[in-house]
1. Scan region 60-81 residue by residue and report those that are touching a residue at least 40 places away in the same chain (Cβ under 8 Å), surrounded by 14 or more Cβ atoms within 10 Å (Cβ to Cβ) and of a type outside the set (Gly, Ala, Ser).
2. Hey, does region 26-43 have a residue that's touching a residue at least 12 places away in the same chain (Cβ under 8 Å), surrounded by 15 or more Cβ atoms within 10 Å (Cβ to Cβ) and assigned to a strand (DSSP E or B)?
3. State whether one or more residues within region 114-130 are surrounded by 12 or more Cβ atoms within 10 Å (Cβ to Cβ), at positive phi, in contact (Cβ under 8 Å) with a residue 40 or more places away in the chain and in contact with a helix residue (DSSP H, G or I) (Cβ under 8 Å, 6 or more places away or on another chain).
Amino acid sequence: MIILSELSQDANISVPRISKKINVNSSVVYSRIKRLIKRKLIERFTIVVNDRELGYTVKALTGINMDSKMRDHVIEELLKISEVREISEVTGRFDIIVTMYARNLDEMHRLISERVGRIQGVQRSESFIEMKRTTKAMPYKTAK
């Protein structure tokens, strides 16, 4: 699990570097990584894009209530919107939570009111603009 923790912090870290950090032979680290992939604990190695540097400075989480008979249609239409990054079906007062990015508040307003709000089957929505984000890496440690 220490290897998983190291890779989750930096997927670009080299096997020799992990080996040195955890004091285990490189061939052992390599085989353990292969085993993690085989067991599907690692799905893929990826990057984290800095959306702010690309100009996407506004993030919204939008809770949507929809006609349950139109669920597939609503999700299909949302996925056609390039600013939509994630759709989660949830419990609670909303049917889905949609994560969207925009360049500014005006663009986000147009996105929500003119694109999302006009999708057939969307009954109502409530948006939450992210003001500040604090993240924490998942600590993949072995159970004691």
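1. Selection gives LEU61, THR62, ILE64, ASN65, MET66, MET70, ARG71, HIS73, VAL74, GLU77, LEU78.
2. no
3. Yes, there is a match, as at least one residue in region 114-130 is surrounded by 12 or more Cβ atoms within 10 Å (Cβ to Cβ), at positive phi, in contact (Cβ under 8 Å) with a residue 40 or more places away in the chain and in contact with a helix residue (DSSP H, G or I) (Cβ under 8 Å, 6 or more places away or on another chain).
Residue-by-condition table, conditions (1) under 18 Å from LEU54 (Cα atoms); (2) of a type in the set (Asp, Glu); (3) in a loop (DSSP other than H, G, I, E, B):
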| site | (1), (2), (3) |
| --- | --- |
| ILE75 | no, no, no |
| LEU78 | no, no, no |
| ILE81 | yes, no, yes |
| PHE94 | no, no, yes |
| ILE97 | no, no, no |
| MET100 | yes, no, no |
| HIS109 | no, no, no |
| GLU126 | no, yes, no |
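Taken together, the values in this text are just the output of simple stated rules run on the coordinates, not laboratory data. Please read these numbers as outputs of a predicted model, since none were measured by experiment. As a convention, Cβ positions derive from the backbone with ideal geometry for all residues, glycine included, and neighbour counts pool all protein chains shown.
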